[in-house]
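Please read the structure below before turning to the comments.
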Amino acid sequence: MDLQLSGRSVVVTGASRGIGRAIAEAFAAEGARLTLCARGAEDLERTREALAAAHPGAEVQTVVADVTAEADAARTVEAAVSAYGALDVLVNNAGATVRAAALDEAWRGSFELNVLAPTRLMELAKPHLARAPGGGAVVNISSIYGRESGGPPQYNATKAAQIAMSKAYALQWAAQGIRVNNVAPGSIAFEGGSWGRRLKEDPEGMARFIERDIPGGRFGRPEEVAAAVVFLASPVASWILGTTLNVDGGQSRSNI
Ligand SMILES: NC(=O)c1ccc[n+]([C@@H]2O[C@H](COP(=O)([O-])OP(=O)(O)OC[C@H]3O[C@@H](n4cnc5c(N)ncnc54)[C@H](OP(=O)(O)O)[C@@H]3O)[C@@H](O)[C@H]2O)c1
């Protein structure tokens, strides 16, 4: 199936490793023109080189940016528009549990990263998304722990808020031809990620966890999340907006 993403200008946040990197790879394979951001310059450059090697001719630029800093977010959007003359798709992937000894710091940090930063990026991108031929698209990466109980409280609550924010924007922006959707991964393992680390440290505990919690019988892979993201971002998903798609091997227990 042609996802009609060739030549589209796509921003992916948190693209230097894990799920974000797999999302960038999936868009590169579709011929999209990429703007990738993360805070760490080295990982980001390694990712750019890997994409360029795997997809000769791919247009990939990187921006060292912290999505929680307003000026960095603006720079990321501007970089996409000035390099490619457009911004057609925004993928808000950067996210995490912010941990800190002080309660306010942990909660404020988690809210800023998982809710405020994607919202701000959406607002910055909006005028460009509204001009995208055939309509712009936003895909926000939440978690099954935004749909049901699980994970640290500040993660659980802010990922739920991210889903609510996305739904509200989806309904508001539909009239301007911008589709906003969410992807909710279950436990996704990769080298250097938190589940990848736990698999190495406690393989037996992880085997019990999988048996108890994941009907699919294994951890998910980043590229399985990426496949859902490129689909939702593509014109092929033209009638899908305001949805949250689980990619979790049946891990989520929620009926909705
Ligand atoms: N892995 C899972 O099992 C899982 C499950 C459900 C949902 N998710 C969600 O999926 C997304 C990606 O998860 P992941 O496991 O791939 O994460 P990860 O391995 O921690 O990678 C996060 C990426 O985001 C970047 N990043 C972190 N904070 C940033 C910031 N403030 N500004 C810009 N970039 C930032 C990181 O690079 P730098 O550190 O260099 O900035 C890195 O490229 C997150 O939203 C996460 O909540 C993951």
If the viscosity is 0.890 mPa s and the temperature 25 °C, what translational diffusion coefficient in µm²/s does Stokes-Einstein give for region 109-197 when Rh comes from Kirkwood over Cα pairs?
176
May I ask you to list the trypsin sites (Lys or Arg not before Pro) in region 155-252 that are in a DSSP loop and have at most 13 other Cβ atoms within 10 Å of their Cβ?
ARG218
GLU223 paired with VAL236, simple spin-label distance in nm, labels 7 Å along Cα-to-beta-carbon:
1.6
Quotient of Cα Rg and 2.2 N^0.38 Å for region 214-256, N being how many residues it contains:
1.30
What distance in nm separates the two pseudo spin-label positions at ALA102 and GLU204, each 7 Å out from Cα along the beta-carbon direction?
4.2
Only loop residues by DSSP count here, and only those with at most 14 other Cβ atoms within 10 Å; note down the GluC sites (Glu not before Pro) in region 150-256 that meet that.
GLU191
Divide by every residue of the chain the summed helix terms, -39500 (n - 2.57) for each DSSP H run of at least 4, and state the resulting mean residue ellipticity at 222 nm, rounded to the nearest 500 deg cm²/dmol.
-14000 deg cm²/dmol
Report the label-to-label distance for SER6 and GLU211 in nanometres (one decimal), using points 7 Å from each Cα along the Cα→Cβ vector.
4.9
³J(HN,Hα) across region 226-242 via Karplus (A = 6.51, B = -1.76, C = 1.60, θ = phi - 60°), whole Hz, x for Gly/Pro?
4, 4, 5, 5, 5, 4, 5, 6, 8, x, 4, 9, 4, 9, 10, 8, x
Give the span of region 97-252's Cα atoms along each principal axis, as three whole-Å numbers ordered largest to smallest.
51, 39, 25
Non-local amide H neighbours of LEU245 (under 5 Å, H modeled in plane, Pro and chain starts lacking H): which ones?
ASN182, VAL183, ALA184
When ILE210, ILE141, ILE240, ILE178 are ranked with the fewest other C-beta atoms within 10 Å first, the list becomes ILE240, ILE210, ILE178, ILE141
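Every number in this text was worked out from the coordinates using simple rules, so none of it is lab data. Not measured: the values here are computed from a predicted model. Note: ideal-geometry Cβ built from the backbone for every residue, glycine included; neighbour counts use all protein chains shown.
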